[in-house]
Each structure stands twice: as C-alpha cells, then as structure tokens.
Amino acid sequence: MEKPFIIRPMAARDIRDVMRIERECFRSPWHESAYRNELTNPASVYVVAQADKRIVGFAGMWVIVDEGHITTIGVEEKFRGRHIGEKLLVALIEETLDRGAARMTLEVRRSNLVAQNLYCKYGFETAGIRPCYYTDNNEDALILWLNDMDAPPFRSRLKRLTTFLESG
C-alpha cells in the first residue's frame, strides 16, 4: 500500500533533504544557502511533500504584486508518477490566489515534456522562449504563463482538477 503524503511549508530543518532531491533532479543544483535565503524572503513560498518523516518533493515560488513566479519543483525519482509534483503545483497555485495574485509564470526546459504537460493541464500557455537559458547544456527554456486565475473559468477548472486529484 502506498504511503500518504502531506504538503506543508518548508522549514530550515528540511533543507538537507531538499538538497538531496535537488541534486537528483537538476544538473545545476542550487546551493543550500539559496534555500536558506528563500526561507527568509517574505515574497517567497516554499513547500515540501512529506511521506511519514521523509521529504519526497519540494516546490517554490515568489509572489510579487499580482503574479507568482515558480522557481522550482522537484520530486524524488522513486516517488514520481504519484501526483506529488501536481499536488505541489496546486499548493503554489492556491497560495498565489490566497495572496491576491491573478497570474503565474515559470520557465521549463524545452525537453521536459512531462512538466510541460502538467502545466498545460492547469492552463499555462507558452508565451516565449529564453534561448540558452540552462547553463549546464545551453538548452532553451519555454516561458509559460497562466493568466486570469481570478476569473470563474479558471476557478472552475482548478476545482474540477483538484477534486479529481483528491479522489484518485
């Protein structure tokens, strides 16, 4: 039987586990000091997915004025395919709405089709390209935007998707 997990705010005590997942997920991982700084930034929101006492995923963003900017989402490899990344994304979307913002943006590798499909499911659309954005291999990043989050069509979509996510 699969262990349930919770999404909760990231704390300083989680950084060691986040770094373990960070190094597994990303070719150019952030430094531990970056997460320590983010946890003190009032514009930052960082959350973790926890199964029992084990951190299995994390996500973060900045919320500035009327927009959220997703900075990172990572899930431990052996826990992928269990909708953890999706629940982390939903937590960021809900926090963006709670803070009164109506748009979100992010950059995603052109080759990361799994992530692109998830973002598309929630209404993100490609708005541009950042050429050679990723320094490890000079891969382009797609710039995605989710607009009108405060409008009834998005609220209905979010409710439908989260209801389905919670039931499955």
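The values are calculated or read from the model by the stated rules, or taken from the named source; none is laboratory data. Computed from a predicted structure; not experimentally measured. FYI the Cβ positions are ideal-geometry reconstructions off the backbone, even for glycines, and counts take in every protein chain you see.
Annotations
- Here Ile93, Ile15, Ile55, Ile64 are screened, and the one residue that is touching a strand residue (DSSP E or B) at 6+ places or on another chain (Cβ under 6 Å) and of a type in the set (Val, Ile, Thr) is Ile55.
- Filtered by the rule that a residue be on the phi > 0 side of the Ramachandran plot and small (Gly, Ala, Ser), the stretch 78-111 gives Gly81, Gly100.
- 3 or more residues of a type in the set (Gly, Ala, Ser): qualifying strands (runs of 3 or more DSSP E) within the stretch 1-90: 44-51, 54-64
- Look at (1) closer than 22 Å to Ser156 by Cβ; (2) polar (S, T, N, Q); (3) surrounded by fewer than 18 Cβ atoms within 10 Å (Cβ to Cβ) and you find that Thr96 fails only one, number (3).
- Test result for Glu24, closer than 18 Å to Asn112 by Cα, surrounded by fewer than 16 Cβ atoms within 10 Å (Cβ to Cβ) and in contact (Cβ under 8 Å) with a residue 40 or more places away in the chain: yes
- Of all the numbered requirements in (1) farther than 25 Å from Glu166 by Cβ; (2) modelled with pLDDT of 95 or more; (3) among the β-branched types (Val, Ile, Thr), Val56 misses one, and that requirement is (1).
- All conditions but one from (1) closer than 15 Å to Ile73 by Cα; (2) free of Cβ contacts under 8 Å to residues at least 40 places away in the same chain apply to Thr105; the one that does not is (2).
- Taking the stretch 51-71 as the range and being under 21 Å from Arg36 (Cα atoms), in contact with a Phe, Trp or Tyr (Cβ under 7 Å, 6 or more places away or on another chain) and surrounded by fewer than 21 Cβ atoms within 10 Å (Cβ to Cβ) as the test, the residues that pass are His69, Thr71.
- Any hit, the stretch 62-83, residues being touching a Lys or Arg at 6+ places or on another chain (Cβ under 6 Å) and at pLDDT 95 or above: yes
- Scanning the stretch 122-140 for residues that are without any contact (Cβ under 8 Å) to a residue 12 or more places away in the chain and either surrounded by 15 or more Cβ atoms within 10 Å (Cβ to Cβ) or of a type outside the set (A, V, I, L, M, F, W, C) (or both) yields a count of 2.
- If you go through the stretch 90-139 and pick out every residue that is more than 22 Å from Glu67 (Cβ to Cβ) and touching a helix residue (DSSP H, G or I) at 6+ places or on another chain (Cβ under 9 Å), you end up with 2.
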